[in-house]
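What follows is one structure encoded as structure tokens, with my remarks underneath.
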Amino acid sequence: MRGKKTFMGKEALTKVFEPRTAEARWYQYWLDNDFFHAADESAKKPFSIVIPPPNVTGMLHMGHALNNVLQDICIRYRRMQGYNTLWMPGMDHAGIATQNVVEQELAREGLTRHDLGREKFIERVWEWKAKYGGVIIHQLKRLGCSCDWSRERFTMDEGLSRAVREVFVRLYNDGLVYRGDYIVNWCPRCRTAISDLEVEYRQEAGHLWSIRYPFVEGEGGIVVATTRPETMLGDTAVAVNPGDERYRELVGREVVLPLMNRRIPVIADDYVTMEFGSGAVKITPASDPNDFAMAERHRLDIIRIMDEGAVINKNGGAYEGQDRYECRRNVVRDLEAGGYLVGTEPYAHNIGQCYRCKTHIEPAVSRQWFVRIAPLARAATAAVITGKTRIIPSSWEATYFDWMNNIRDWCISRQIWWGHRIPVWNCEGCGRMIVAARDPDRCPDCGGAALGQEEDVLDTWFSSALWPFSTLGWPERTGALATFYPTSLLVTGFDILFFWVARMMMMGIYVMKEVPFRDVYLHALVRDEQGEKMSKSKGNIIDPLEMMDRFGTDAFRFTLAAFTAQGRDVRMSEERIEGYKYFVNKIWNATRFSMMHIGEDAARYVVRREDASVADRWIQSRLNRTVVEVVRGLDEYRFNDAAAALYQFIWHEFCDWYLELVKPVLYGNDDDAARRAAQKTLVDVLQTSLRLLHPFMPFLTEEIWQTLVADGSSVMVSEYPAPDEAASDPDAEREMALIMEVITRIRNIRGEMNIAPSLKLRATLVAPGGELQATLEKGRVAITILANLAGLTIAGGAAEQKGAAMAVAGPVQVYVQLAGVIDIAAEESRLQKEIARVDKDLAVVSRKLGNPEFLAKAAEAVVRKEQEKARELGEKRAALEAARTRLSTLAAGG
RNA sequence: GGGCGGGUAGCUCAGCCGGGAGAGCGCCACGCUUACACCGUGGAUGUCACAGGUUCAAGUCCUGUUCCGCCUACCA
């Protein structure tokens, strides 16, 4: 253990918890003590997570908050369990996004990146990064993230750049990377190719134009339908289905392309759907992926009619210089004027747009680099099938497999400047292409030194795909890599399952011969209260920083955990966060109360078992049950279950019941041993609860721990509670359940009968059997105080209870003397209601027991349970009925 | 077109392997009881989307219908 700075514990907790100061103080304390640090070598078992690197341009939003809080919960949990934990942090250079940001900055100065030139521009981006980049890192710290910041990486740093080059070269040498002229998704605004995944499709209202292409010879023509008339300028064929009777004899003939006066052939291809439109399709190989594929099959000409900005080029004849939409209007106008336009109808269709800038994608043919990933996909699929990597929730497996099985080559080149420049050089002397991890000096063939490097950079996701091993030092054989690869867990949103997770799987297996992670937990998207996706344009963004400011980070974190049910979106709601702020307050005050009543050394008390009250044993047993649930929840990534178990236990068992139950013991002077037992229990339960809660609420728990325990230790490196069968105490649970029900019954009578809470009542409990009476006797003080009684009689046989309200708590009859104040009508209706309720239950049970098939086929235990239930309900009903009879006698008697 | 998820209390949702419908918030009543009014006590509220089926038993399993989301896809 490294040197530890201690924080001087305060005498007592302040009246209210102050999140802001506590958060800053404890985060610094953790840093100062190096608690986030992971050792490259350790006797402890490793547990590692690599962060989904946020964009260097990123600002913390709800998605980040959820993602990182879940990771922090997992990492703190494992750390406390004694693992050598590494949470590897870092950022992504986010090629297009970052370049856009810096270009916008330049635009404000009236400059473009071309004014600066490539080198200066890149410098400018680095300057931008130094100045503004990494805001999100500070924001992650505010969330409490316990990353090992000493290892922070950036996808463009030296080590990672080297990894990128190494992998590229390997892929190339293995024949998995190639360059070629193919049709790709082109963004005319970003002026770069993007991958299939980076295209977002949205339905938009458009038109379907029908155009007649006249035959070269003879009368008539053929009608084609299109949503993009301007692309006709580049048409090189018209296609029909080979099985289409209507067009059978037209195949092989030629038509004249209107406006261009070019002769193009009519061809036959299975791709064409006979039922759609006229059954004939215009083919524009340079502007449509399907047409491009057809051009390859039929060796058609490929005519590019647009430039990089989607402006018509010289191949567009008279339309040269026009923007694609301007051109569309003009083409339609001219077609109409020429009598070629046969029809126009409104038509809704999907249009692809750039996921970065939302500009309409222009499919275009260009020279790009591709990765052939199908062979890598097979291994990535197998890894999940064999369970080497688990996807949680498993419902995502199907989606993963589907994508892997239909995978297409990945376009990895981008025509931008900010990114990893492709490590390929072309010799100006002999034209030789050199693919190398290190910059070559001269051409190996001709020895020439005039080598020009490829202009393109790699898709940002290329470097992200290497993240699990590149951040650990690969291609060096580092200790970190040996210790932490494969990583234990990846936590990320399902929206980047293909972008990132799938590619990391492929690259990890390809490069490391081992999967990159054991578990992949995919969490949901965060939406607003109405279930809408949060977006700036809708103005429904809930800012996590604001939430932390207003409600405290712990409340915010707990809310996220409580909302994270598997397979469902998270609907964020300020009200819920506020609710958990109240929970924070509750815990704070429960501790304050406890500390007022326990001595300095209560934690060291040794309590004999016989001195522990049933309440003491009960709360310990319940706590153990909670430990079981929380641990299971965290092990199974059921964060909401874990959070709910904690909430329920702390608020509704510990605070609502246990604290009330121990008050008489703490206040009283008569029983020192019992008081010490209670104090000891109080401290133990509190400390265990804090440890359990710590991954969810790191700041609050540390603040309390430092004051409560005050021995210089930190809760964040204390041992996480483990289930302990010895603490399980079914007897105490059963006994307390009865005592609690008796108290609730009496309170219920008070409420229902409208009796002032201040009025002390007398009650009689009638219990058959000495054991039950003994149990009630143990609860005598608790019942008296919590039900606010002036006197309590515990009896064996039915006594005449004149003027008493009556209720049943299991086998115990509860009488509350209301002599003088009893409202007979009210009591009558109360009993009536109770009887009706019992009758309803009884009817269900009797129906089952009256069914011979149930008796014959149901499990024996189930039958026995039903029989027991029937007996209890019967007894309860009889007692209530008797009370009602007495009541009517009383009423009749006056 | 294909795939996935969902329709449970006024709202937001939880309900694992089928065996007495739950939580939080909201609502109603009462209470400033010396940890907490960011609180306490008590209470009301559900044809578990619909229709079939399997089963002794279905919110839970199966089939179909319907509505709502999301993902995915080359019908111009």
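Before moving on, here are some points about what is shown:
- Aspartates and glutamates with Cα under 19 Å of A:LYS44, excluding same-chain neighbours fewer than 8 positions away: A:ASP34, A:ASP148, A:ASP635, A:GLU719
- Taking the accessible area of chain A, probe 1.4 Å, and keeping the other protein chains in place, the carbon and sulfur fraction comes to 49%.
- Taking 15 Å as the straight-line reach from the Cα of A:LYS282, the aspartates and glutamates in range (excluding those fewer than 8 positions away in the same chain) are A:GLU230, A:ASP235, A:GLU254, A:ASP269, A:ASP270, A:ASP291, A:ASP301.
- Pairwise FRET efficiency - A:ALA450 versus A:ASP601, Cβ, R0 = 51 Å, nearest 0.05: 0.05
- Only Cα pairs under 8 Å and 6+ residues apart enter the sum, and on that basis the relative contact order of segment A:736-792 stands at 50 percent.
- Here the gap between A:LYS388 and A:ALA482, fully extended at 0.36 nm per residue and compared with their Cα-Cα distance, gives a gain of 32.1 nm.
- Overall dimensions of segment A:149-255 as given by Cα atoms, namely Rg and Dmax in Å: 23.8, 79
- Separation between Cα centres of segment A:782-843 and segment A:224-266, rounded to whole Å: 91
- Whole-Å distance, taken between Cα centres, linking segment A:104-136 and segment A:426-491: 25
- Take each peptide in A:224-233, A:552-561, count the other Cβ atoms within 10 Å of every residue, and average; sorted highest first, the result is A:552-561, A:224-233.
- If both residues of a DSSP beta bridge must be in chain A, then about 70% of such bridges are antiparallel.
- Our summary gives segment A:537-662 a relative contact order of 30 percent, counting only alpha carbon pairs under 8 angstrom and 6 or more residues apart.
- Inter-label distance, A:ARG263 to A:ALA819: 12.1 nm, where each label sits 7 Å from its Cα along the C-beta direction.
- Expressed as a fraction of 2.2 N^0.38 Å, the value expected for a compact globular protein of N residues, the C-alpha radius of gyration of chain A is 1.28.
- Across chain A, C-alpha contacts under 8 Å between residues 6 or more apart give a mean separation that, scaled by the residue count, equals a relative contact order of 12 percent.
- Calculated mean residue ellipticity at 222 nm for chain A: -13500 deg cm²/dmol, from DSSP H runs with n ≥ 4 weighted as -39500 (n - 2.57), summed, divided by the residue count and rounded to 500.
- Cα centroid separation - segment A:546-560 against segment A:171-194, whole Å: 44
- Total charge dipole magnitude, chain A, about the Cα centre, Cβ charges on Lys, Arg, Asp, Glu only, Debye to nearest 20: 1380
- q = 0.13, 0.16, 0.18 Å⁻¹, segment A:123-206: log10 I(q)/I(0) [Debye, one scatterer per Cα]: -0.83, -1.06, -1.11
- Using a probe of 1.4 angstrom and keeping all protein chains present, the accessible surface of chain A works out to 44 square angstrom per residue.
- Cross-link pairs A:LYS663/A:LYS869; A:LYS760/A:LYS876; A:LYS45/A:LYS586; A:LYS129/A:LYS581; A:LYS45/A:LYS131; A:LYS141/A:LYS680 - those with Cα-Cα distance over 29 Å: A:LYS663/A:LYS869; A:LYS45/A:LYS586; A:LYS129/A:LYS581; A:LYS45/A:LYS131; A:LYS141/A:LYS680
- Most positive-pole-ward Cα, A:VAL332, A:TYR83, A:VAL223, against dipole of chain A from beta carbon charges: A:TYR83
- For A:VAL342, the residues 5 or more places off, or on other chains, whose built amide H falls under 5 Å of its own are A:SER210, A:ILE211, A:ARG212.
- Per-peptide average of other Cβ atoms within 10 Å, ordering A:853-859, A:646-652 highest first: A:646-652, A:853-859
- When segment A:625-741 is described by a simple charge dipole with +1 on each Lys and Arg Cβ and -1 on each Asp and Glu Cβ, the residue from A:PRO721, A:TRP657, A:PHE699 located farthest towards its positive end is A:PHE699.
- If the segment from A:ASP635 to A:GLU575 were pulled out straight at 0.36 nm per residue, it would be longer than the present Cα-Cα gap by 18.7 nm.
- With the highest mean first, a sort of the peptides A:139-146, A:754-761 on other beta-carbon atoms found within 10 angstrom per residue produces A:139-146, A:754-761.
- Sites A:ARG333 and A:ALA398 - FRET efficiency at Förster radius 45 Å, r taken between beta-carbons, to 0.05: 0.35
- Taking label positions 7 Å along the Cα-Cβ direction at both A:VAL863 and A:GLU777, the computed distance is 3.9 nm, reported to one decimal.
The values are calculated or read from the model by the stated rules, or taken from the named source; none is laboratory data. Please read all numbers here as calculations on a predicted model, not as lab measurements. Glycine also receives a Cβ, built like all others from the backbone with ideal geometry; neighbour counts cover every protein chain displayed. The accessibility values were calculated without ligands, DNA or RNA, using every heavy atom of the protein model including side chains. Shrake-Rupley method; radii C 1.70, N 1.55, O 1.52, S 1.80 Å.
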